[in-house]
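Notes to accompany the following structure.
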Amino acid sequence: MTVTSAVGAPLDRVDGPLKVRGAATYAGEWPVENPAHLYPLQATIAAGRVTAVNTSAAMAQPGVLAVLTHLNAPKLAWATDPEVAVLQSDEVAFRGQIVGAVIAETPEIARHAASLVRLTYEQRPHDTDLRADRDDLHKPQHAAIFGSMPGDLQDGSPADSAAGDVGAGLAGAAVTVDATYTTAMNHHNPLEPHTSIAIWTDDEITLYCSTQGVHLTRSLLAGAFGVDAARIRAISPHVGGAFGSKVYPVTWATLALMGAQLVPGRPVKFPLTRQQMFSLVGYRPATIQRVRLGADSGGRLTAIAHDVIQQTARVKEYAEQTVGATRTMYAAPNRSTTTRVTALDVPVPTIMRGPGEATGMFALESAMDELAYAAGLDPVEFRIRNEPEVHPESGLPFSSRHLVTCLREGARRFGWPERDPAPLSRRENGWLAGTGVAASIYPSARLPGNAATIHVDADGRYTVEIGAADIGTGTWTALTQIAAEALGVAVEDVNLRIGDTTLPIASSAGFSSGINCWGTTIYAAAAELRARLESEHGGTVPAEGIEVSAEMPDNPYMAQFAMYSFGAQFAEVRVHEDTGEIRVPRLLGVFDAGRIINPKTARSQLIGGMTQGLSMALHEASVIDPRFGHVVNNDLGTYHFAANADVGSIEVHYLEERDPYTNPMGSKGIGEVCIVGTAAAIANAAYHATGIRVRDLPITLDKLLR
Ligand code: MOS
């Protein structure tokens with residue numbers, strides 16, 4: 001049999017024809033009978049409580065079915081997570097928090113009636129100001145990001161880390177850097193707003209929902225509503241982007257289900273507006289980061305210290321591993337990292353593409369550039385000199401680490417050797433031009449809870465089922481290819497089914513772990529199928545077909561090796577001498593992400609991540625008005641992210657080095673490594689162009705005016 005387009009082939013997206021014909025059904029598009037429409041009410045104060053509710057004008061509107069507030073909301077069974085506890089008390093913890101909802105016959109009536117609900121508040125003073133000199137900085141109590149996600153992620157807890165004596169390492173260094181970097185609050189802004197259609201009957205509870213994982217969504221909601229998970233069916237075959245904001249669909253999906261409880265049997269549609277997404281779906285928290293580095297006269301690091309302050313929410317703590325990459329990237333005898341949070345009267349942050357690594361590596365890789373200049377060393381060479389043999393903390397060998405090859409290969413392709421290292425060395429028609437480099441890293445993680453079923457019929461058609469998610473990344477295509485390879489058949493013979501809780505359980509599309517987990521599980525099911533065919537059917541498929549299932553096997557190598565994807569990113573920046581206008585005509589990345597399942601979808605994902613990194617570097621900042629506590633630029637007219645005109649050439653390459661230990665495919669994650677380091681490469685290039693070191697993201701033109 002000819003095996004066409006299995007792993008490694010640039011197969012077109014198998015869901016592409018559906019998408020271009022508009023036939024790929026997204027959460028809000030499912031055809032449902034006689035839907036009702038929900039519109040949320042959001043708090044207009046940042047802290048306090050609701051003291052009075054007047055819904056009479058809203059209820060009097062023709063077409064209004066119900067008005068929901070904390071006074072009449074269904075009681076949730078599990079409200080220990082204060083973010084899940086939608087409408088469970090009169091407390092207001094941030095501006096924009098859900099304080100009610102209207103359910104009506106049309107979206108217009110719901111929205112209008114919502115404007116007629118009168119809420120009276122008792123306001124208390126609020127505080128939304130992240131500063132390094134606050135007296136309420138504290139160690140995170142909950143390892144919110146990795147701790148609440150069960151799994152064998154390798155970064156450990158966000159507790160402080162230390163080795164040797166940083167003070168002595170810095171004192172004995174030939175060159176040092178001590179600098180503070182800040183990153184802005186950023187919102188995910190996927191193209192498809194967070195949308196649910198919920199139907200509550202005595203038997204089944206159906207939720208069409210834009211989510212990164214139907215099974216996690218189901219288990220969160222089953223817990224919240226105190227119902228058997230088997231009663232809930234979550235369906236999400238196509239998702240229009242997520243970037244982390246659809247991993248924990250706690251507030252909006254909970255509200256949709258509550259609405260559905262009030263009108264039993266009737267589908268309730270709840271699409272968030274773009275503006276509502278700025279308070280209800282999480283965001284990347286702002287950070288203040290101090291990095292201290294020392295190196296000896298040979299350019300070898302003697303000390304690495306990284307102290308992070310992040311904002312979290314008063315209603316619920318979320319802390320991310322901003323120092324995680326620092327603990328892995330470079331070795332030094334003296335190392336220290338700390339993480340402190342401050343709880344503000346703001347919405348709850350959440351994971352956003354490269355959570356922790358994206359912000360932390362901006363600081364570390366900027367500081368590495370500063371130290372390279374201080375030492376008079378080429379920044380590429382400086383990194384190569386500090387390449388560790390083993391993981392600096394655990395001492396484990398890396399399953400594969402080809403960062404040096406990425407740096408060398410990237411430098412060659414980018415034309416790095418021709419660069420004059422002196423800042424302000426290129427001036428072209430009123431523009432100052434410069435180039436910069438930074439390294440990328442992201443863990444190759446696994447999340448537990450995966451199973452797959454394969455059915456084969458006598459005609460040799462294989463149906464492969466796993467509740468995985470495709471958030472625009474190419475899961476439909478990549479898993480089809482992996483199944484074809486694992487089964488030794490052509491992709492045309494594989495019929496994949498994903499995105500539904502009626503399928504075998506799957507982990508969420510997050511932590512760049514999807515293909516690792518789901519592909520490993522499909523491999524296991526394929527092996528099981530072969531074994532069963534051999535042992536019971538003499539190697540041929542019986543007339544009635546056969547079906548097998550398998551769970552994701554453990555990977556014993558995870559305890560023996562440190563597993564990460566790596567990359568090197570190069571940027572060219574032009575800054576106008578008079579106006580400070582900053583442009584990025586060129587980005588180039590070389591990635592060590594193991595074996596590439598599909599070079600076409602991988603390229604798209606890598607370019608997307610670098611674009612988002614450029615956007616983080618130059619444009620994105622959610623601005624809180626401290627007087628009122630809300631994000632002022634809460635729409636796409638005022639929250640700018642990189643659009644076509646902001647992006648020049650982006651070139652990506654991968655090494656195609658198969659990782660022997662991560663999984664049967666030899667792959668590592670690609671979804672997040674690509675955003676890590678982009679901002680530092682651009683900041684470093686801006687310094688080379690102008691001689692101005694911008695340590696605060698985003699790099700706007702006012703920061704580049706002399
Ligand atoms: Mo990703 S931020 O783990 O969805």
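The values are calculated or read from the model by the stated rules, or taken from the named source; none is laboratory data. None of these values were measured; they are calculated from a predicted model. Reconstructed Cβ throughout: ideal geometry from the backbone, glycine too, with neighbour counts over all protein chains shown. Surface accessibility is based on the protein's heavy atoms, side chains included, excluding ligands, DNA and RNA. Shrake-Rupley method; radii C 1.70, N 1.55, O 1.52, S 1.80 Å.
The table for this structure:
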quantity: Count of residues meeting criterion [over 27 Å from residue 608 (Cα atoms), in contact with a strand residue (DSSP E or B) (Cβ under 6 Å, 6 or more places away or on another chain) and in contact (Cβ under 8 Å) with a residue 24 or more places away in the chain] in the range 222-242; calculated: 4
quantity: In the range 480-492, residue nearest to the ligand (Cβ to nearest atom) [restricted to those that are in contact with a helix residue (DSSP H, G or I) (Cβ under 7 Å, 6 or more places away or on another chain) and not in a loop (DSSP other than H, G, I, E, B)]; calculated: 482
quantity: Per-region count, the range 662-692, residues away from the ligand (no atom under 16 Å from the Cβ) and open to solvent by 20 Å² or more (accessible area, probe 1.4 Å); calculated: 4
quantity: Filter result for residue 597 (part of a loop (DSSP other than H, G, I, E, B), touching a residue at least 24 places away in the same chain (Cβ under 8 Å) and away from the ligand (no atom under 16 Å from the Cβ)); calculated: yes
quantity: Any hit, the range 214-224, residues being under 14 Å from residue 26 (Cα atoms), of a type outside the set (D, E, K, R) and not in a loop (DSSP other than H, G, I, E, B); calculated: yes
quantity: Residue count, the range 262-298 (criterion: not in a strand (DSSP E or B) and not small (Gly, Ala, Ser)); calculated: 17
quantity: Residue count, the range 276-310 (criterion: open to solvent by less than 10 Å² (accessible area, probe 1.4 Å) and polar (S, T, N, Q)); calculated: 4
quantity: Flag for residue 88 being without any contact (Cβ under 8 Å) to a residue 60 or more places away in the chain, part of a loop (DSSP other than H, G, I, E, B) and farther than 30 Å from residue 212 by Cα; calculated: no
quantity: Unique match (being open to solvent by less than 20 Å² (accessible area, probe 1.4 Å), more than 16 Å from the ligand (Cβ to nearest atom) and touching a strand residue (DSSP E or B) at 6+ places or on another chain (Cβ under 8 Å)) among 659, 646; calculated: 659
quantity: Count of residues meeting criterion [open to solvent by less than 40 Å² (accessible area, probe 1.4 Å) and part of a loop (DSSP other than H, G, I, E, B)] in the range 26-54; calculated: 6
quantity: All positions within the range 425-479 that are closer than 28 Å to residue 571 by Cα, open to solvent by 40 Å² or more (accessible area, probe 1.4 Å) and in a strand (DSSP E or B); calculated: 427, 428, 431
quantity: Unique match (being free of Cβ contacts under 8 Å to residues at least 60 places away in the same chain, open to solvent by less than 30 Å² (accessible area, probe 1.4 Å) and either within 16 Å of the ligand (Cβ to nearest atom) or in the same structural domain as residue 590 (by TED's automatic domain parsing) (or both)) among 337, 359, 342, 326; calculated: 326
quantity: Any hit, the range 606-620, residues being assigned to a helix (DSSP H, G or I), over 26 Å from residue 378 (Cβ atoms) and free of Cβ contacts under 8 Å to residues at least 40 places away in the same chain; calculated: yes
quantity: Lone qualifier among 267, 237, 249, 333 - being in contact with a helix residue (DSSP H, G or I) (Cβ under 7 Å, 6 or more places away or on another chain) and at pLDDT 95 or above; calculated: 333
quantity: Extreme residue, most open to solvent (accessible area, probe 1.4 Å), among residues of the range 507-562 that are within 16 Å of the ligand (Cβ to nearest atom) and assigned to a helix (DSSP H, G or I); calculated: 515
quantity: Test: residue in the range 174-193 that is assigned by TED's automatic domain parsing to the domain that holds residue 620, aromatic (Phe, Trp, Tyr) and outside any loop (DSSP other than H, G, I, E, B); calculated: yes
quantity: Test for residue 216: is it outside the structural domain of residue 472 (by TED's automatic domain parsing), touching a residue at least 12 places away in the same chain (Cβ under 8 Å) and within 16 Å of the ligand (Cβ to nearest atom); calculated: yes
quantity: Residue satisfying condition, being within 16 Å of the ligand (Cβ to nearest atom), open to solvent by 10 Å² or more (accessible area, probe 1.4 Å) and within 28 Å of residue 668 (Cβ to Cβ), within set 350, 405; calculated: 350
quantity: Members of the range 602-643 that are acidic (Asp, Glu) and surrounded by fewer than 19 Cβ atoms within 10 Å (Cβ to Cβ); calculated: 625, 635
quantity: Residue match in the range 243-250 (condition: among the hydroxyl-bearing types (Ser, Thr, Tyr), in a loop (DSSP other than H, G, I, E, B), in contact (Cβ under 8 Å) with a residue 60 or more places away in the chain and within 16 Å of the ligand (Cβ to nearest atom)); calculated: yes
quantity: Of all residues in the range 481-514 being under 16 Å from residue 9 (Cα atoms) and of a type in the set (Val, Ile, Thr), the one that is farthest from the chain's Cα centre (by Cα); calculated: 489
quantity: Flag for residue 259 being farther than 27 Å from residue 511 by Cβ, open to solvent by less than 10 Å² (accessible area, probe 1.4 Å), away from the ligand (no atom under 16 Å from the Cβ) and not in a strand (DSSP E or B); calculated: yes
quantity: Condition broken by residue 588, with the remaining ones in (1) more than 17 Å from residue 512 (Cβ to Cβ); (2) surrounded by fewer than 23 Cβ atoms within 10 Å (Cβ to Cβ); (3) under 22 Å from the mean Cα position of the chain (by Cα) satisfied; calculated: (2)
